[in-house]
Amino acid sequence: MEHKRSGDIHRINYLMFEMESFYHQASLKLGISDSVSIVLYTLYDAGTDCLLSDIYKKTGISKQTVNSAIRTLESSGIVYLEPYMGRSKKVILTEKGKEYIQKTAAKIYQAEIQAFDTWSDDEISMYIRLMEKYANCFRQQVEMM
């Protein structure tokens, strides 16, 4: 059944998928997998360490995928896991990891900054406000399914 919003939904979804493909292209150019890229980006955004559970929550990727990426990064000496509170674990960058993240996640972050630098402050505020509104409304719809 065609709805008056079908074209809008199609365009929004296409743009979201296109954005995901840009991150994929960036990962390929940096020589890392998408999952490693996401873990490194989350660590870069958090500082030098973060809870393993925060990576699951913030990224929406599965525990299995995150754990696989962490194992890859551990075996390369980029990160290590440290027990935290209870069964929680922290993912911590090594010195090698701090250098590596500058060659990977920091470059993606810088590309994002440069893209947003072409926007006005009002455009950025509006974009954030609308994305938050859509996310909240869509979350409510999913919860009611």
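The values are calculated or read from the model by the stated rules, or taken from the named source; none is laboratory data. In this text, all values refer to a predicted model and were calculated from it rather than measured experimentally. Cβ: placed from backbone, ideal geometry, glycine included. Neighbour counts: every protein chain shown. Note: accessible area is taken over every heavy atom of the protein model, side chains too, but ligands, DNA and RNA are not part of it. Shrake-Rupley method; radii C 1.70, N 1.55, O 1.52, S 1.80 Å.
At-a-glance table
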quantity: Residue in region 109-122 that is touching a helix residue (DSSP H, G or I) at 6+ places or on another chain (Cβ under 8 Å) and closer than 30 Å to SER75 by Cβ present; calculated: yes
quantity: Output for region 72-102, where each listed residue is of a type in the set (Phe, Trp, Tyr) and either under 14 Å from TYR44 (Cβ atoms) or in contact with a Phe, Trp or Tyr (Cβ under 7 Å, 6 or more places away or on another chain) (or both); calculated: TYR100
quantity: Residues (under 28 Å from GLU20 (Cβ atoms) and of a type in the set (D, E, K, R)) located in region 58-89; calculated: LYS58, LYS63, ARG71, GLU74, LYS89
quantity: When residues of region 51-71 are limited to those that are open to solvent by 50 Å² or more (accessible area, probe 1.4 Å) and either of a type in the set (Lys, Arg) or touching a strand residue (DSSP E or B) at 6+ places or on another chain (Cβ under 8 Å) (or both), the one nearest to TYR41 (Cα to Cα); calculated: LYS58
quantity: Test: residue in region 74-92 that is in contact (Cβ under 8 Å) with a residue 12 or more places away in the chain and assigned to a helix (DSSP H, G or I); calculated: no
quantity: Where a residue in region 113-137 is open to solvent by 90 Å² or more (accessible area, probe 1.4 Å) and its partner, wherever it lies, is of a type in the set (Ser, Thr, Tyr), with Cβ under 9 Å and at least six apart; calculated: TRP119/TYR127
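Quick grid of which residues meet (1) surrounded by 14 or more Cβ atoms within 10 Å (Cβ to Cβ); (2) hydrophobic (A, V, I, L, M, F, W, C):
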| position | (1), (2) |
| --- | --- |
| GLU20 | no, no |
| LEU43 | yes, yes |
| LEU73 | yes, yes |
| SER88 | no, no |
| GLY97 | yes, no |
